[in-house]
Structure formats: C-alpha cells, structure tokens
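The values are calculated or read from the model by the stated rules, or taken from the named source; none is laboratory data. In this text, all values refer to a predicted model and were calculated from it rather than measured experimentally. Cβ placement follows ideal geometry from the backbone for every residue including glycine, while neighbour counts extend to all protein chains displayed. All accessible areas refer to the heavy atoms of the entire protein, side chains included, with ligands and DNA or RNA removed. Shrake-Rupley method; radii C 1.70, N 1.55, O 1.52, S 1.80 Å.
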Amino acid sequence: MPGSTLPPFPNDVRTHPLLIIDYELIRAGDVKEVNRLWEAATTIGFWYLKNHGADQEVSEMFDMGAETMALPFEELMTFEQGDSGQSFGYKKAGANAIDATGTLDTVEFINVSKDDALAYPQVIHRTYPSTVNARMENTIAPFTRKGLEVSYVVLNIFNDKLGLPKGTLESLHDLEEYSGSETRCIRNPPVQIKEAAKIPAIGAHTDFGSLSFLHNRLGGLQVLPPGHDEWSYIRPIPGHAVCNIGDALSLFSGGVLQSNIHRVVAPPGVQAEYERWSLVFFTRPGNSKVLRALVDSSHIIAEAVKKRPEKNFETGSTAAEWFARRIKNQRINNRLGPETWATSRGTEHTPTVV
Ligand SMILES: O=C(O)CCC(=O)C(=O)O
Ligand SMILES: [Fe+2]
C-alpha cells in the first residue's frame, strides 16, 4: 500500500525538472513566488507544490482507495462509470483506449464527484461503493475542500496576471454550480512481463478541466515538454504535489496558460515491481460554462488569441459537453475506429513519439 517502504526513484532515467512552488507563499501573495508560479504555468503548465498542508487528507484518501479496490470486482462493477460519458464512479482496467489503435489501459480507478462529496448523504449525481460512503464525510469531503482551496488560490493569481476583472475565473468555477470536479484514486498493477512495461498505463493526454492536484508515491508520470521530442519522467518528491493546468484554463486564457500533454507508464527500474497508486483532485468549470477564450474581458487574452490565428479558442462547447465527449470516446465499448479516439481529444497536439 502507498506509504509503505518503496524503492527509491532511480537516478538513471530522464526526468524533467519542475519549479517547486511554496503554497504558503503564494497564498500570502509573495510577489517573487507568484511570479515563479506564473512562469511555470505559462511555460510547461506543471509545477511541484510544497507546503500544501494536505498530507493527512492524502494519506487517508489512499486508504480509501485501497479499501475500495479490495472490494469484490462484481460489487465495484455495479458502480461503474458506464459508456455514456459519465466520469463519476468506478472504472475497471481495460475500459479505456490509450491510443488511436485501441490499445487498452491498465489502470482501475474510483472517481468521486465534488458535488456528491460535499452534499453527502444527499445524492447529487450517483451513489458509490460502501467503502467510499464510509469515508465520504471524514476523508473525501476534506480532501475535496483542500483541492478546491488550492485551486481558488491559484485561479485568483492567474485571474490577476491575465488582467481579468476580479473574480472572473472563480465564478467560472463557482462552488455552488454542479461540475465535473472530482477526486480520483488510481491503482496500476505491477508489470508481470518486461514487455508490458513499454505500453502506457494511461495514454498521452491533456487534462480535461482547469487544475489538477496530483499525489504520487512511485514514478511513472511522464511529460512531453513543449519543444521536446522525448518523454521525461516527473520524479515524485515526498510531500510535494504535482499541479498541472488542463484544457479549460488553457482555452479561457487563449493559450497563455499551458495544458501540457502527459501520460503514465510503468514505474521505472525496480519500482515497476510495485503497485502504483496515485491520487488527483480535478477542478473543472461549472457545467454550464462555455469553453472559449475570454477575449472580451482581458486585452492580454485578446492579444494572445490574435497571435495564434491557427488555433480555435471558440469550442462552442460547455464544460459538461467537453468533458462528456472526452470521457465517452475513450471508452473502448464506444470505439468504432481511430476516429473515436480522435473525437476524445482535447487541446493536445498529436505527439510524434510513442
Ligand atoms: O497517475 C498519475 O500520475 C497521473 C494521472 C493522470 O494523468 C490523470 O488521471 O489524468
Ligand atoms: Fe492527466
């Protein structure tokens, strides 16, 4: 289980360094630290976050994940996401494609909606396995609140830097509006045969929403930094979250904020022999919000859009539609051919390396 003695991340694999941002400093408005966050957000869209104060919540969420994945498979399957584009619920390994040819993913995960977590015992979107219910109020809701708190701090900084009227990004992520925001606890089994280690566990993608607050114990997360043609690992650092920007913020900001492509492969070296657990809180816009560059509210965004006429920042899609389209078309049951994969894509460029 996560937290037990795990072998260290090896030193002989390619890694990409990320800026380490101090949450306490950005929360207090430290100008230098805010500028470092802005640099990370506008170059690669990934950074480490330290001093986030969520260690206890994270550890309990991993316990929730382990308890849930230990339930009988048949029971978990009664809480499945399904094929309609709904994200909340259980996803078995092999339910998603990881590429255009329909190769299957190897991870199972449990997604819990922020709306269900915060309203519990009221059911907003769906019901969950008993292990999730048992920890809804004491584990999942506190982690959800922590993820949202971090996101609002970061969103308000971006709001300022983008020259948007006060509260614009926050209102696009109105706590009161139902949204695709969710927690996800992921389990990837150890690789049995060496060959399998070469196949990604989660295929190359950009995240669907605005901000992701990710916690890793073992390696396996890789990024393809802008201008690079080789994947690099992100080295997990104990107590540090990895934060990244998703499609929605990239679109709202006219591409100023970077939604970078990433994937998950087997952990490197001897770490491959261990189960890989990861945990994410995804902050996504309110369901009704239209994904488009906020050109009318910020001259910075208007200028950025003008400079990139080849890019479409007018999706004509609400956050709910964007999200459902991506989820639905990566489900293997919905696959008709490579075009289904293409329909599941967001703002990511097509990587030329595999
Ligand atoms: O497990 C990880 O490290 C990353 C997971 C991820 O990229 C995702 O669920 O979107
Ligand atoms: Fe991701």
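Key figures
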read-out: Subset of the range 193-237 (residues that are within 12 Å of ligand 2 (Cβ to nearest atom) and not in a loop (DSSP other than H, G, I, E, B)); value: 202, 203, 204, 205, 211, 212, 213, 214, 216, 221, 222, 223
read-out: Residue that is nearest to ligand 1 (Cβ to nearest atom), among those in the range 273-288 that are of a type outside the set (D, E, K, R) and open to solvent by 20 Å² or more (accessible area, probe 1.4 Å); value: 274
read-out: Any hit, the range 239-254, residues being within 15 Å of ligand 1 (Cβ to nearest atom), at pLDDT 95 or above, open to solvent by 10 Å² or more (accessible area, probe 1.4 Å) and not small (Gly, Ala, Ser); value: yes
read-out: Verdict on residue 127 being open to solvent by 50 Å² or more (accessible area, probe 1.4 Å) and among the hydroxyl-bearing types (Ser, Thr, Tyr); value: yes
read-out: Flag if residue 330 is closer than 26 Å to residue 94 by Cα, at pLDDT below 95 and open to solvent by less than 10 Å² (accessible area, probe 1.4 Å); value: no
read-out: Selection within the range 267-320 - away from ligand 2 (no atom under 16 Å from the Cβ) and in a strand (DSSP E or B); value: 286, 290, 291, 292, 314, 315, 316, 317, 318
read-out: Only listed residue being within 16 Å of ligand 2 (Cβ to nearest atom), open to solvent by less than 40 Å² (accessible area, probe 1.4 Å) and β-branched (Val, Ile, Thr), chosen from 140, 186; value: 186
read-out: Residue 17 in a loop (DSSP other than H, G, I, E, B) and open to solvent by less than 30 Å² (accessible area, probe 1.4 Å); value: no
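Every residue, every condition in (1) in a helix (DSSP H, G or I); (2) open to solvent by 30 Å² or more (accessible area, probe 1.4 Å); (3) of a type in the set (S, T, N, Q), yes or no:
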residue: 53; (1), (2), (3): no, yes, no
residue: 58; (1), (2), (3): yes, no, no
residue: 61; (1), (2), (3): yes, no, no
residue: 64; (1), (2), (3): yes, no, no
residue: 76; (1), (2), (3): yes, no, no
residue: 82; (1), (2), (3): no, no, no
residue: 85; (1), (2), (3): no, no, no
residue: 90; (1), (2), (3): no, no, no
